[in-house]
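Novice: Here you go, one structure.
The values are calculated or read from the model by the stated rules, or taken from the named source; none is laboratory data. Bear in mind the structure is a predicted one, so any value in this text is a computation, not a measurement. Backbone-built Cβ (ideal geometry, glycine too); neighbour counts: all protein chains shown. Please note that ligands, DNA and RNA were not included when accessible areas were found on the heavy atoms of the full protein model with its side chains. Shrake-Rupley method; radii C 1.70, N 1.55, O 1.52, S 1.80 Å.
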Amino acid sequence: MSKTLVWVEHDNAAVKDATLSAVTAAAKLGEVHLLVAGSGARAVADAAAQIAGVGKVHFADDAAFEHALAENVAPLIVELMGHHDAFVAPATTTGKNVAPRVAALLDVAQISDILSVEGEKTFTRPIYAGNAIATVESSDAKLVVTVRGTAFAKAEATGGSGVVEDVASTGDAGLSSFVGAEIAKSERPELTSAKIIVSGGRALKDSETFEATILPLADKLGAAVGASRAAVDAGYVPNDYQVGQTGKIVAPDVYIAVGISGAIQHLAGMKDAKTIIAINKDEDAPIFQVADIGLVADLFTALPELTGKL
Amino acid sequence: MKILVPVKRVIDYNVKPRVKADGTGVDLANVKMSMNPFDEIAVEEAIRLKEASKAEEIIAISVGTTKAQETLRTALAMGADRAILVETDAEVEPLAVAKILKAIVGEENPGLVILGKQAIDDDSNQTGQMLAALTGRPQGTFASKVDVAGDSVAVTREVDGGLETVKLALPAIVTTDLRLNEPRYASLPNIMKAKKKQLDVKSPADYGVDIAPRLKTLKVAEPPVRVAGVKVADVDALVAKLKELGVA
């Protein structure tokens, strides 16, 4: 049976949910080992060991790993890949940054953003913004894959009995350093794990109007807030709100698209929602071709009314 | 310093791709092709660095068919100084592209290589990171801001939670995200001038790179199709539907 090494996404305090989908994908390939690379992250390693189905947790603790700089963590992963057959990372911005660096060092073709595991070395993945699904088979001795979180159920975060094993640090490569971050703090659910999402588009006019219109409905529903690329480009909301081919891929139970026309790049990010609701005053907007429930109406009257009646 | 900008010829951003009936791929016959949008942003960023006197020369590179010359001419018309086409009719995977680029980096010794973060055809998002690995250089991926100062570059990256800034020692590799800049259109005089700029044609073998694919595409299929549902008459009807769903 082959051995997989799963990248644990974390903030040095807690395991992020995206890890759990990657564990489910990895379990289809073989034995699941985890890698926690961080700084002062012992609690993360202990929590990771509780994930159902996990064997060993490799734990490397070094200031050089605090911000998961690819230059520093890639050599560590390459060393551990000496005795693993597959490296599996969630397709988060961290996973997408690190995995190809590992793949190239291993001289392996990476398979990005897998949707399913079809065989030992065969996977499906989206191409052309999800307008086509390719089934690909690797001929490399080792595998490097990133996992689309919405395509795999989350492994149970508890109930496992993994063993934490300390790994020596490979140190700081001296090529890069972390300067700072602007990470939005929000009481709202995270986009990629939310059950309900309310998303706004260019029709929201400006950031004040976006907030005044979208947020009350989102608050009422306990929903996460998303946006189309047009709304982000126009500066209504920050970049991390973007849903779409190059933004976040989401699959909530209910996705409410408000004033979003439905460009293919946006649809690529949300068409796996269980129920899509569209509110748009243009009855020919492409969003209605994928929406389960559509309301042709001016959002500036319909949204306050909807919020009031819920 | 020199800046290298690899560009890819892909299906135009506004064209909806159609899967071939025999399931072997996407039909590109008679389809409008353009420069990958993220690569346009990369070209623009290189030009802005040159305009700010942070760079002297911009070299555009493409790995692809002879038609990729058009894409290189677009880069030259925008403001790149010269171009290299590594010509092949084969589909070249990101790892092999990265190996070819590594060889060119060895010859040209650029201070920066700026690439699009992903191509909108295969959506791999790999080449920049792989090039960084093979050359042993630092990588600033998904950049929304690039600030060259002395012997380092500060790159602000679009990450899942917001923005993150890293400082990289030069030479370095940068990949672009959407909001780094808004690419310019080439003016007609510049399009004419671009026709006279140097464009060298090479082959993967010139760089000693084996481009044999590591992945075999067994099948390409349409994704499950969503069908349009119902339109409701008013907000009251929508509220009723939301209650049915258990949302309200």
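Novice: Restricting to region A:212-224, give me the number of residues that are touching a strand residue (DSSP E or B) at 6+ places or on another chain (Cβ under 6 Å) and without any contact (Cβ under 8 Å) to a residue 60 or more places away in the chain.
Specialist: Qualifying residue count for the region: 3.
Novice: Within region B:133-150, track down each residue that is closer than 19 Å to B:GLY111 by Cβ, among the polar types (S, T, N, Q) and within 8 Å of chain A (Cβ to nearest Cβ).
Specialist: The answer is B:GLN139, B:THR141.
Novice: Right, something else. Any residue that is more than 13 Å from A:GLY201 (Cβ to Cβ), hydrophobic (A, V, I, L, M, F, W, C) and without any contact (Cβ under 8 Å) to a residue 40 or more places away in the chain - is there at least one of those in region A:226-247?
Specialist: no
Novice: Going through region A:135-175 one residue at a time, which ones are at the interface with another protein chain (Cβ under 9 Å from one of its Cβ atoms), closer than 30 Å to B:LYS167 by Cβ and under 23 Å from the mean Cα position of the chain (by Cα)?
Specialist: A:THR146
Novice: Going by what's in this entry, would A:ASP272 be described as facing another protein chain (nearest Cβ under 10 Å) and under 16 Å from B:VAL247 (Cα atoms)?
Specialist: no
Yes/no per residue for (1) facing chain B (nearest Cβ under 10 Å); (2) closer than 30 Å to B:PRO224 by Cα:
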{"residue": "A:LEU80", "(1), (2)": "no, no"}
{"residue": "A:VAL98", "(1), (2)": "yes, no"}
{"residue": "A:ARG101", "(1), (2)": "yes, no"}
{"residue": "A:ASP107", "(1), (2)": "yes, no"}
{"residue": "A:ASP113", "(1), (2)": "yes, yes"}
{"residue": "A:SER116", "(1), (2)": "no, yes"}
{"residue": "A:THR122", "(1), (2)": "yes, yes"}
{"residue": "A:ARG125", "(1), (2)": "yes, yes"}
{"residue": "A:GLY130", "(1), (2)": "yes, yes"}
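Novice: Residues that are in contact (Cβ under 8 Å) with a residue 40 or more places away in the chain and more than 7 Å from chain A (Cβ to nearest Cβ): list the strands (runs of 3 or more DSSP E) wholly contained in region B:151-192 that include at least 2 such residues.
Specialist: B:172-176
Novice: Continuing with the same structure: Going through region A:269-292 one residue at a time, which ones are open to solvent by 10 Å² or more (accessible area, probe 1.4 Å) and within 19 Å of A:ILE196 (Cα to Cα)?
Specialist: A:LYS271, A:ASP272, A:LYS274, A:THR275, A:ASN280, A:PHE288, A:VAL290, A:ASP292
Novice: Can you pull out every residue in region B:109-132 that is within 9 Å of chain A (Cβ to nearest Cβ) and either outside any helix (DSSP H, G or I) or open to solvent by 10 Å² or more (accessible area, probe 1.4 Å) (or both)?
Specialist: B:LYS117, B:GLN118, B:ILE120, B:ASP121, B:ASP122, B:ASP123, B:SER124, B:ASN125, B:GLN126, B:THR127
Novice: State which residue is farthest from the other protein chains (Cβ to nearest Cβ) when the search covers only region A:176-192 and only residues that are in contact with a helix residue (DSSP H, G or I) (Cβ under 8 Å, 6 or more places away or on another chain) and surrounded by fewer than 19 Cβ atoms within 10 Å (Cβ to Cβ).
Specialist: It comes out as A:ARG188.
Novice: Find the helices (runs of 4 or more DSSP H) located wholly in region A:37-105 whose residues include 3 or more that are out of contact with any strand residue (DSSP E or B) (no Cβ under 7 Å at 6 or more places or on another chain), and list them.
Specialist: Where helices (runs of 4 or more DSSP H) fall fully within region A:37-105 and carry at least 3 residues being out of contact with any strand residue (DSSP E or B) (no Cβ under 7 Å at 6 or more places or on another chain), they are A:70-80, A:93-105.
Novice: Scan (1) open to solvent by 20 Å² or more (accessible area, probe 1.4 Å); (2) not in a helix (DSSP H, G or I) for the single condition B:ALA237 breaks and write down its number.
Specialist: Going through (1) open to solvent by 20 Å² or more (accessible area, probe 1.4 Å); (2) not in a helix (DSSP H, G or I) one by one, B:ALA237 breaks only (2).
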